2 protein chains.
Amino acid sequence: MSEQQTSAAAGPAPAAGAGVIDLLGLLAYARLVAFFRLAGDAELAPTLAGKGELAEIAVSEQANYRRLHDRLRELGADPEEAMRPFVVPLDAWHARTEPQSWLESLVKAYVGDGIADDFYRRLAELADPETQALVRDTLVESGRAEFVAAQVRAAIADDPRLAGRLSLWARRLVGEALSQAQSVAARRPDLAALLGGGAREAAPGGAEADAAEPGDLAMVSRMFADLTDAHAARLEAMGLSG
Amino acid sequence: MSEQQTSAAAGPAPAAGAGVIDLLGLLAYARLVAFFRLAGDAELAPTLAGKGELAEIAVSEQANYRRLHDRLRELGADPEEAMRPFVVPLDAWHARTEPQSWLESLVKAYVGDGIADDFYRRLAELADPETQALVRDTLVESGRAEFVAAQVRAAIADDPRLAGRLSLWARRLVGEALSQAQSVAARRPDLAALLGGGAREAAPGGAEADAAEPGDLAMVSRMFADLTDAHAARLEAMGLSG
């Protein structure tokens, strides 16, 4: 599989190189902002039980944020500093994919965060084993799959026209995610170098590092393309098409 | 102290009478909505660290919601049914006290939830020991006191004019809380009867019970008046006046 090829090409990553700090900072902010967005979207829930369920999902994101935050501190990094470069692209992703209904928020929580998790997992495979284990532990998709898929399927059974609209929404979520991932890779050469399998020496703070190489950016697109199987399985679980 | 008098007057409460289900339902919804509001207010935080801290506080509210929710189920009640009567007054409280700044949200998280907690604790003293213990465990004020007080004091040191404005804000929070507590007591006679120390037999679901007696409503005001010491201490910790 391409997974193994990529891992082999990466070789042993530095224990806490700038790429790893970037990765943990990206993940930490992704979790923090997902917490806030899920909590905000829960206001759209039609029932108190639904609000409670979404609150539960949101809280699991905060717990993951806390672990990643603490790990950054352990590695001697300033967690807020490490998260800062990712505030703009992740906020932009959320701003461009603001759910207009309860069902859209559910699909986003499942499909959007699902493909992001797949992507983060793939990135982490290129880092040291401890980072890999932590990232794997902080991927939260499984808990929400059943809750979301059942609700979306039931809604589509009630009103089959929803299937087309929500499929389109899912496609938009993935398109926007790819676009933001490209933007992150372009701005964070150390992170992109993780992808490219390079062991580039990072400038302090990453701010002065060279621009990402075009090959690293192409790698982001290839990685996303590799994630389609899991994405298609999520769509199918909800009764949507790709 | 008046605490002991009230407890003595109440006598042994029924293990899961309608008053206790009402109390747990009120608290569960109070925690759930506090979770959402705190998560929403965190967007006002000027720093990533502040956002992270408020997320932490919000999450502790969700954990308490979960415990109260589970306890309602244990008692054979439908948790959503038990929470429903309190949705309108608690949502109204939050709508009337929507913070317009980070400092207002901090003062609200400390003063507003502080006085509400004091009130809930006092109510719980009138219920059975197990309910008392659970309610005591789910009062979360202590965790946030230090974080909030330090930030508000620092802001006032920077700009002393803030003290007057925030003192007014704190007064408004308490006024609105009293008004909503009165409205809850008027609508939920079983809960008001807990206050009044009566052992009134509850109609199923509480919906058909008699209207609250005027004495029960007066009791709400007296209870609030009793809470001023703790309230004054919180104001002082932040450098505000009553």
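The numbers here are math on the coordinates, done by the rules we state, and not lab data. The model shown is predicted, which means the values in this text are computed figures rather than measured ones. A quick note on method: Cβ atoms are made from the backbone with ideal geometry, for glycine too, and the neighbour counts reach across all protein chains shown.
Quick check for you: which residues of the stretch A:85-126 have the amide N under 15 Å from the point 7 Å beyond the Cα of A:Arg136 toward its beta carbon? Once the point is set 7 Å along Cα→Cβ of A:Arg136, A:118, A:120-126 turn out to lie under 15 Å by backbone N, inside the stretch A:85-126.
Taking the Cα centre of the stretch B:15-238 as reference, the dipole from Cβ charges on Lys and Arg (+1) and Asp and Glu (-1) amounts to some 520 debye. Taking a straight line from the alpha carbon of A:Lys108, these lysines sit under 23 Å away, with near neighbours fewer than eight places off in the same chain left out: A:Lys51, B:Lys51.
Once you keep just the Cα pairs under 8 angstrom separated by 6 or more residues, what percentage relative contact order results for the stretch B:15-238?
On the way: 252 pairs, mean separation 57.3, N = 224.
Once divided by the residue count of the stretch B:15-238, the mean separation gives 26 percent.
From the Cα gyration tensor of the stretch A:102-188, with a ≥ b ≥ c the square roots of its eigenvalues, which class applies: rounded if a/c is under 1.5, or else prolate if a/b is larger than b/c, or else oblate?
Working: a/c = 4.25, a/b = 1.71, b/c = 2.49.
Oblate is the answer for the stretch A:102-188, as a/c is 1.5 or above yet b/c matches or exceeds a/b.
In which sequence would A:Tyr29, B:Tyr120 go, from the one with the fewest C-beta neighbours within 10 Å to the one with the most? Don't skip to the answer; put the middle values down first.
Details: A:Tyr29 27, B:Tyr120 20.
In order of increasing Cβ crowding within 10 Å: B:Tyr120, A:Tyr29.
So how much slack lies between B:Ser101 and B:Arg172, counting 0.36 nm per residue of separation and subtracting their Cα-Cα distance, in nm? Show your work: numbers first, answer last.
Details: separation 71, 0.36 × 71 = 25.56 nm, distance 1.52 nm.
Residue separation times 0.36 nm, minus the Cα-Cα distance, leaves 24.0 nm.
Note on B:Val107, B:Val184, A:Val87: ascending count of other Cβ atoms within 10 Å places them as A:Val87, B:Val184, B:Val107, the fewest first. Counting only other chain Cβ atoms within 10 Å of each residue's Cβ, the peptide A:52-65 averages 4.
Sorted from shortest to longest, the distances between the B:Glu74 label points of this copy and the other copies are 3.3 nm, with each point 7 Å from Cα along the line through the beta carbon. Placing a label point 7 Å from the Cα of B:Arg73 along the Cα-to-Cβ line, the residues of the stretch A:42-81 whose backbone N sits under 15 Å from it are A:48-57.
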